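Values in this text are rule-based calculations from the coordinates and carry no lab data. The model shown is predicted, which means the values in this text are computed figures rather than measured ones. As a convention, Cβ positions derive from the backbone with ideal geometry for all residues, glycine included, and neighbour counts pool all protein chains shown.
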Amino acid sequence: MQKIPILIRHASQLVTLQGSSDAPLAGKRMEELNIIEDGSVWLENGVIKAVGTDEEVFNLCNDRIEEALIIDAAGKLVTPGLVEPHTHLVYSGTREMEFNMRLHGATYMEIMNNGGGIYATMAATRKATPEQLYNESKQRLDQFLVHGVTTLEAKSGYGLTLEHEIKQLEVAKLLNEHHPIDLVSTFMGAHAVPGEYKNNAESFVDLLVDNMIPEVSRRQLAVFNDVFCEKGVFTPEQSKRILEAGIKNGLLPKIHADEIEPCGGAELAADVGAISADHLLCTSDNGIKKMADAGVIAVLLPGTAFFLMADPANARKMIEAGVPVALSTDCNPGSSPTMSLPFIMNLGCLWMKMTPAEVLTAVTINAAHAIDKGKEIGSIEAGKKADITIFNFPNYMGLQYHYGMNLIHTVIKSGEIVVDGGKPIWDSTRIHS
């Protein structure tokens, strides 16, 4: 269906991040936002057609101005649509009682090893019908949308059987078809060793490698394959088997690495050519160097460390070593129950000492590259998907200055306005194109 052209005019700052589609930005280049003042963008049929100063774009499109919907962005900041590269979106239930337990001194792994944590969500997710999972997950996705997110990665990992992992992935597929936000799915059957394999983890790894990964690939339900490489979960050797099986079956490798203890996860990410290594709170200097040399993107999750009351990943050391950094909510029911990527941006500055420019790069073009979408989204350039976020503040510095607030004014997804004045206006009954 043909869409009405949209002309965004007179942005106080138009953050384009032009020239970063081929590779993520690393080191000092993470501050190269390529800002156009008094900037304008012409969007047509879901694609960005022209970008420049208002005078340049107006002159280019002058003979068609009457066809377009005009958005006056004077006094506002215009950026690429925000990209969310690491979530556990599809699950059922909540775990607020564990929050209270942790406030009384229990650790994340203690709770998990006593049947809580991932196992508690696994039980609720296995029990839930697809309709329940869809409705609960859609509510979270709606929150991501009003916080400026236009593309999101969604992991499975709360089923831990083929039947229930496929159930999660099929719900994610339906959400992708019916919701404005584009979803990119990751198979994470290796999120934990289920209780029925507690004393026989190798047999569960065999099941993943020989049965679950090939079937998920055959059904084309995921793009990525992820594993929780951590003491008490999957060893580096088991993780390597799982990731190599994914590669063999056409799934790109990702890894939950060095979150609780240093266990060689960052080094493994470099060795297998993972597109990203995520968490990295306890990563070694050697792991950081290997990631930089291999071009592995560090997806940092400061909200998880914040919620678990742990020290965050050393973003400054990674950036200075040349590792491309992305940021994410890690939305999940136990260690980061948030859908506010703007708050994670705040934490990136206030807690991990990233600059406002680095943070904005981390949630746009670098996040896009972390889900293998850097050529399609993440920057405002002619030919890319018309995903745009407009903030109710005149410059990008204000996004981190106003911490804990949502400054989203307008969200445009594939050339259609889906959030206006901070409120969703899309039709939830319509399958998006």
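Magnitude of the Cβ-charge dipole of the chain, K/R +1 and D/E -1, about the Cα centre, nearest 20 debye?
The calculated dipole for the chain is roughly 400 debye.
Near residue 25, within a Cβ-to-Cβ distance under 12 Å, what is the net charge of the other residues, with Lys and Arg +1 and Asp and Glu -1?
Summing Lys/Arg as +1 and Asp/Glu as -1 gives -2.
Sort 394-405, 237-248, 152-163 by the packing proxy (mean of other Cβ within 10 Å over each peptide's residues), most packed first.
152-163, 237-248, 394-405
Is the shape of the stretch 350-433 rounded, prolate or oblate, going by the alpha carbon gyration tensor and its root eigenvalues a ≥ b ≥ c, with a/c under 1.5 for rounded and a/b larger than b/c for prolate? If you can, show how the numbers build up before the last one.
On the way: a/c = 2.16, a/b = 1.26, b/c = 1.72.
Judged from the Cα gyration tensor, the stretch 350-433 comes out oblate (a/c at least 1.5, b/c at or above a/b).
Please figure out what share of the DSSP beta bridges in the chain is antiparallel and state it in percent, rounded to the nearest 5.
The antiparallel fraction comes to roughly 50 percent.
I need the peptides 120-129, 76-85 ranked by packing, meaning the mean over residues of other C-beta atoms within 10 angstrom, with the highest value on top.
Put in order of decreasing packing, that is 76-85, 120-129.
Can you find, among 47, 74, 149, the residue sitting farthest towards the positive end of the charge dipole of the chain, where Lys and Arg contribute +1 and Asp and Glu -1 at Cβ?
Comparing the listed Cα positions along the dipole, 149 ranks first.
Non-local amide H neighbours of residue 386 (under 5 Å, H modeled in plane, Pro and chain starts lacking H): which ones?
47, 48, 414, 415
Just going by the charge dipole of the stretch 185-282, with Lys and Arg at +1 and Asp and Glu at -1 on Cβ, which of 253, 242, 220 is farthest out on the positive end?
220
May I ask you to list the lysines whose Cα is less than 28 Å away from that of residue 198, ignoring any residue fewer than eight positions away on the same chain?
Answer for residue 198, where 28 Å is the Cα cut-off: 127, 155, 167, 231, 240, 248, 254, listed by chain and number.
Under a plain spin-label model, where a point goes 7 Å from the Cα along Cα-to-Cβ, how far apart in nm are residue 316 and residue 231?
2.7 nm
Along the charge dipole of the chain, Cβ charges K/R +1 and D/E -1, which of 322, 162, 90 sits furthest on the positive end?
Looking along the dipole axis, the top candidate is 162.
How many lysine pairs in the stretch 307-387, separated by 8 or more positions in sequence or lying on different chains, have Cα atoms less than 12 Å apart?
5
How large is ³J(HN,Hα) for each residue in the stretch 54-60, as worked out from phi by the Karplus curve 6.51 cos²θ - 1.76 cosθ + 1.60 (θ = phi - 60°), to whole Hz, x for Gly and Pro?
4, 4, 5, 6, 4, 5, 5
Starting with the highest mean, order 224-232, 314-322, 326-334 by the number of other Cβ atoms within 10 Å, averaged over the residues of each peptide.
Details: 224-232: 23.7, 314-322: 18.6, 326-334: 27.4.
Per-residue mean Cβ counts within 10 Å order the peptides as 326-334, 224-232, 314-322.
Using Cβ contacts closer than 10 Å as the measure, can you line up 420, 293 from fewest to most?
Values: 420 15, 293 12.
Neighbour counts put them in this order, fewest first: 293, 420.
Using alpha-carbon pairs under 8 Å, 6+ residues apart, how would you state the relative contact order of the stretch 318-433 in percent?
Once normalised by length, the contact order is 18 percent.
For the stretch 1-144, give the magnitude of the charge dipole about the Cα centre (Cβ charges: +1 Lys/Arg, -1 Asp/Glu; no others), in debye to the nearest 20.
Values: 13 positive and 20 negative charges, 164 e Å.
Here the size comes out at about 780 debye.
Once amide H atoms are placed 1.01 Å from N in the peptide plane, what residues at a sequence separation of 5 or more from residue 37, or on another chain, have their amide H within under 5 Å of its amide H?
14
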